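Working notes, structure below.
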Amino acid sequence: MTRKLRKGEVDKVPVSAKELDRLVREKKILVVNTLYRVRYATPKGAIEEAFQVGKFPILDWPMSRIDVMEENFPNRLFRVYVETVDIETLRQRLSNDDRDPQKLRLNAGIAEFEQLQRGEFDAHIDFRIINPQGEIEATAKRIYDQYLQAVGES
C-alpha cells in the first residue's frame, strides 16, 4: 500500500508509489485498488508461495475483480461470499466510516449487495454465508467445514 503503517498494523507492507508501479510493470501484483487516495495492491508471489507449502491463503476480495483470481489460480479457489444480514445492517456498518465522507464505500457495498441478491455472482461463489453480528467464530467454523467438504476432507 502507498501509505505508512498505522499504529498497531502488522499485516500490510508500505511501499512508495514508484515501487508499486515497478511491481505492477513486473507483473508481481494481481490488482491495485485505490481507496481514500491510497493504493492497495495484492502481491501474486505471496499467494503462490502459500500454495507451494500446502497452505490455503484467505483474501478479502471484491466481486468486481473475481475474474483476476479465477484467471491466475484456476481450480485452486474456494470462493466464499460472507454476506450481511440485510441492507440496513450493511448501511449501519459502513456509514460510520469517517474516512469515507462521500459514502463511496457504502454506495459500492449497497450496489454489490443488490447484485448478490439478483444472483449476478452465483457462478463465482462456491459457498454463501450470512455473518450475524458477534458470531465470527461460528461463521469461520462453518466456512472451514464447507471448505473441508469441498476438498473431500470432511
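Values quoted throughout were computed directly from the atomic coordinates according to the rules given, and no laboratory measurement underlies them. Keep in mind it's a predicted model, so treat the numbers as computed, not measured. When we count neighbours, we look across all protein chains shown, and the Cβ atoms used for this are built from the backbone with ideal geometry, even at glycine.
Let me confirm something: among Leu77, Leu106, Leu90, Leu116, which residue is under 20 Å from Ala150 (Cα atoms) and without any contact (Cβ under 8 Å) to a residue 60 or more places away in the chain?
Leu77
Is one or more of the residues making up region 42-56 in a strand (DSSP E or B) and more than 22 Å from Asp122 (Cβ to Cβ)?
The answer is yes, given that some residue of region 42-56 is in a strand (DSSP E or B) and more than 22 Å from Asp122 (Cβ to Cβ).
When you look at Asp21, is it acidic (Asp, Glu), without any contact (Cβ under 8 Å) to a residue 40 or more places away in the chain and either under 30 Å from Leu148 (Cβ atoms) or part of a strand (DSSP E or B) (or both), yes or no?
When the stated conditions are applied, Asp21 does not pass them.
Would you tally the residues in region 117-154 being of a type in the set (A, V, I, L, M, F, W, C) and farther than 21 Å from Leu77 by Cα?
Final tally of qualifying residues: 2.
Those residues that are among the β-branched types (Val, Ile, Thr) and in contact (Cβ under 8 Å) with a residue 12 or more places away in the chain, I need them from region 29-46; list them, please.
Ile29, Val31, Val32, Val38, Thr42
In region 47-60, which residue that is without any contact (Cβ under 8 Å) to a residue 12 or more places away in the chain and surrounded by 12 or more Cβ atoms within 10 Å (Cβ to Cβ) is nearest to Ile143 (Cα to Cα)?
The selected residue is Ile58.
Can you tell me which residue in region 37-57 is nearest to the chain's Cα centre (by Cα), limited to those that are closer than 30 Å to Pro101 by Cα and basic (Lys, Arg)?
Arg39
Would you point out which residue out of Ile130, Ile66 is more than 28 Å from Ile29 (Cα to Cα) and touching a residue at least 12 places away in the same chain (Cβ under 8 Å)?
That would be Ile130, the only listed residue that is more than 28 Å from Ile29 (Cα to Cα) and touching a residue at least 12 places away in the same chain (Cβ under 8 Å).
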